[in-house]
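Working notes, beginning with the structure itself.
The values are calculated or read from the model by the stated rules, or taken from the named source; none is laboratory data. Just so it is clear, the model here is predicted, and its values are computed rather than measured. So basically every Cβ, Gly included, is an ideal-geometry build from the backbone, and we count neighbours across all protein chains shown. Keep in mind that these areas ignore ligands, DNA and RNA; they rest on the heavy atoms of the full protein, side chains included. Shrake-Rupley method; radii C 1.70, N 1.55, O 1.52, S 1.80 Å.
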Amino acid sequence: MRRLFFWLVIAISLTIEVCAQPVETDEVMATIDPTPKYREWPDTRLGKLLGEIEVIQASGEMWQGTAWPLKVKEAIELGPSTSAELITLLDETADDHHMMMRTLVFLLRATNDKRAIPALIRTLPRCYQQSDSDYGKRVEDVELWAFMQEHEAIEYRDDRFSFGRPITEIFATLRRWTGERIGQMEIIFVQKDEQDSPRIDQIKRLTFWTIARRWELWWDEHWQEYTEDPNHAHVGLILPQEEPIKVEPLDVSKRMQLTGKYQTRSVESPMNPGASQVFYDIDTGRMSGLPEPWSQMSREEITTAKPMIQIWAAQAGYDLMGWEETIDGQTRSVVIPIRLRLWMLNAEIEFPLTLTMESLMAAGRSVSGPFGGDLNDQPAQKLPGFFFITSENTVGIIELKKVLKKPQLVLKSEWFPNEEPRVYFHQGWQVNVNVCRPDK
């Protein structure tokens with residue numbers, strides 16, 4: 001497999017042509033606005049604090065010292081009366097101001113005012129953003145650190161408190177207030193990527209709207225359990241109306257070129273208690289556990305329902321499904337391709353410099369059913385790779401990496417800190433996906 005990727009890298013030819021006219025320094029400086037443009041905040045105590053927080057965040061100083069957490073603490077200590085203002089400000093926050101979205105959701109969670117739930121749901125579609133991280137902020141002041149940890153989304157065990165992406169902050173707040181986790185695993189790993197085709201970008205974006213709509217329907221049914229205020233009885237989503245973009249045609253005679261998109265996911269068996277990563281959509285990064293009513297069934301009932309589960313997975317747009325089978329009297333973890341054309345590649349094959357999709361298909365063996373079950377006892381360096389084409393014409397290479405039968409990584413769930421500790425990676429296969437694109 002290493003040889004395969006060696007030749008893949010060799011096969012990539014990049015021609016960079018730089019054509020630029022010389023520009024005078026004074027001309028460049030004249031185009032730069034020396035005064036940063038900040039948001040106009042209300043003339044209130046909260047508005048003033050948020051303006052100061054925005055300046056600290058824009059300067060990058062929030063990661064140094066205590067200036068930022070002190071301002072956040074001061075805003076929290078204004079009390080629950082700020083909730084209405086925070087809701088309005090969250091709705092008015094620009095789609096690309098994700099750092100301020102984080103802050104506003106953090107502050108709303110601290111008010112514990114559940115009238116904010118519709119605003120959090122309205123914000124979900126705007127969490128579709130380019131790759132970013134959930135941050136951990138270290139604070140030397142013990143009392144300040146304890147205060148911030150009291151209001152954080154994800155529980156840290158060291159001297160940091162968490163300050164997550166907007167989607168992390170929102171899901172943690174909804175989970176804490178409602179006990180629900182609708183659609184979380186389906187979009188928590190889905191991020192905007194400039195290399196995506198227009199169709200994949202559309203599917204990703206509309207997935208966020210779909211999850212928000214499911215939350216809206218839930219709120220329509222349950223809102224009176226959380227507030228008596230009819231002004232917050234409706235979420236008010238305005239769903240986009242657009243025609244599906246067609247799948248881009250694929251010319252298999254072209255060479256493949258690595259895009260740098262590398263995804264690693266653990267594909268679990270649905271028989272694992274609490275399994276949340278059973279289904280995996282390579283095109284978008286979506287994952288999901290078994291939906292109800294299957295998630296409440298016994299192992300035997302799930303096994304009997306396998307054909308219906310596969311039909312559901314195909315209709316839901318998933319490419320891979322975790323499963324387990326008995327092979328030679330032993331229970332083996334397998335991966336089932338759902339909407340995927342798949343070819344197993346011999347780990348010993350040496351590929352030519354001109355690496356086309358046709359040559360990979362010709363060199364490989366077509367796989368139409370579960371795979372991985374007969375590889376459990378193979379040394380890691382001997383595991384074959386798999387060339388794939390999804391129904392959306394995403395192409396690439398899959399590698400399997402073994403997950404220990406007795407994993408040593410046991411921790412509290414980062415999303416649900418109040419639950420009992422569980423094994424983070426259940427027995428299954430770790431799927432490493434290298435996404436490629438046809439050479440232009």
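Residues in the stretch 284-305 that are surrounded by 14 or more Cβ atoms within 10 Å (Cβ to Cβ) and farther than 15 Å from Met185 by Cα: how many?
Qualifying residue count for the region: 5.
Considering only the stretch 271-301, state which residues are among the hydrophobic types (A, V, I, L, M, F, W, C) and either modelled with pLDDT of 95 or more or not in a helix (DSSP H, G or I) (or both).
Those that are among the hydrophobic types (A, V, I, L, M, F, W, C) and either modelled with pLDDT of 95 or more or not in a helix (DSSP H, G or I) (or both): Met271, Ala275, Val278, Phe279, Ile282, Met287, Leu290, Met297.
Report whether or not Gln310 is more than 18 Å from Asn434 (Cα to Cα) and without any contact (Cβ under 8 Å) to a residue 60 or more places away in the chain.
So Gln310 passes the test.
Residue check: is Gly322 surrounded by 13 or more Cβ atoms within 10 Å (Cβ to Cβ) and assigned to a loop (DSSP other than H, G, I, E, B)?
Values: surrounded by 13 or more Cβ atoms within 10 Å (Cβ to Cβ): yes; assigned to a loop (DSSP other than H, G, I, E, B): no.
It is false that Gly322 is surrounded by 13 or more Cβ atoms within 10 Å (Cβ to Cβ) and assigned to a loop (DSSP other than H, G, I, E, B).
Conditions (1) within 22 Å of Ala146 (Cβ to Cβ); (2) open to solvent by 50 Å² or more (accessible area, probe 1.4 Å); (3) among the hydrophobic types (A, V, I, L, M, F, W, C), marked per residue:
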| position | (1), (2), (3) |
| --- | --- |
| Gln57 | no, no, no |
| Glu74 | yes, yes, no |
| Gly79 | yes, no, no |
| Asp95 | no, yes, no |
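Tally time: how many residues in the stretch 59-69 are farther than 16 Å from Arg102 by Cα, open to solvent by 50 Å² or more (accessible area, probe 1.4 Å) and either part of a helix (DSSP H, G or I) or touching a Ser or Thr at 6+ places or on another chain (Cβ under 9 Å) (or both)?
Counting residues in the stretch 59-69 that are farther than 16 Å from Arg102 by Cα, open to solvent by 50 Å² or more (accessible area, probe 1.4 Å) and either part of a helix (DSSP H, G or I) or touching a Ser or Thr at 6+ places or on another chain (Cβ under 9 Å) (or both) gives 2.
State which residue pairs qualify: first residue open to solvent by 10 Å² or more (accessible area, probe 1.4 Å) and inside the stretch 100-113, second residue assigned to a helix (DSSP H, G or I) in any location, beta carbons under 6 Å apart, and separation of 6 or more residues or different chains.
Arg109/Thr173; Ala110/Ile76; Thr111/Pro80; Thr111/Ser83; Asp113/Pro80; Asp113/Ser83
On the basis of being modelled with pLDDT under 90, open to solvent by less than 50 Å² (accessible area, probe 1.4 Å) and small (Gly, Ala, Ser), does Ser253 make the cut? Explain how you work it out, then say what you get.
Numbers: modelled with pLDDT under 90: yes; open to solvent by less than 50 Å² (accessible area, probe 1.4 Å): no; small (Gly, Ala, Ser): yes.
Answer is no for this residue.
Which strands (runs of 3 or more DSSP E) does the stretch 351-440 wholly contain that include 3 or more residues that are at pLDDT below 85 and more than 30 Å from Arg176 (Cα to Cα)?
428-438
Which condition does Glu248 not pass, out of (1) open to solvent by 60 Å² or more (accessible area, probe 1.4 Å); (2) in a helix (DSSP H, G or I); (3) out of contact with any Phe, Trp or Tyr (no Cβ under 8 Å at 6 or more places or on another chain), if it passes all the others?
Condition (2) is where Glu248 drops out.
Does any residue in the stretch 240-253 that is touching a residue at least 40 places away in the same chain (Cβ under 8 Å) come within less than 6 Å, Cβ to Cβ, of a residue that is among the aliphatic types (A, V, I, L, M) six or more places away or on a different chain, and which pairs are these?
Close Cβ pairs (under 6 Å, with a partner that is among the aliphatic types (A, V, I, L, M)) amount to Val252/Met357.
Going through the stretch 127-179 one residue at a time, which ones are of a type in the set (Phe, Trp, Tyr), over 26 Å from Trp223 (Cα atoms) and open to solvent by less than 10 Å² (accessible area, probe 1.4 Å)?
Selection gives Phe161, Phe163.
When the stretch 188-228 is examined, which residues are found to be in contact with a strand residue (DSSP E or B) (Cβ under 9 Å, 6 or more places away or on another chain) and either among the aromatic types (Phe, Trp, Tyr) or in a helix (DSSP H, G or I) (or both)?
Of everything in the stretch 188-228, those that are in contact with a strand residue (DSSP E or B) (Cβ under 9 Å, 6 or more places away or on another chain) and either among the aromatic types (Phe, Trp, Tyr) or in a helix (DSSP H, G or I) (or both) turn out to be Phe189, Asp201, Lys204, Arg205.
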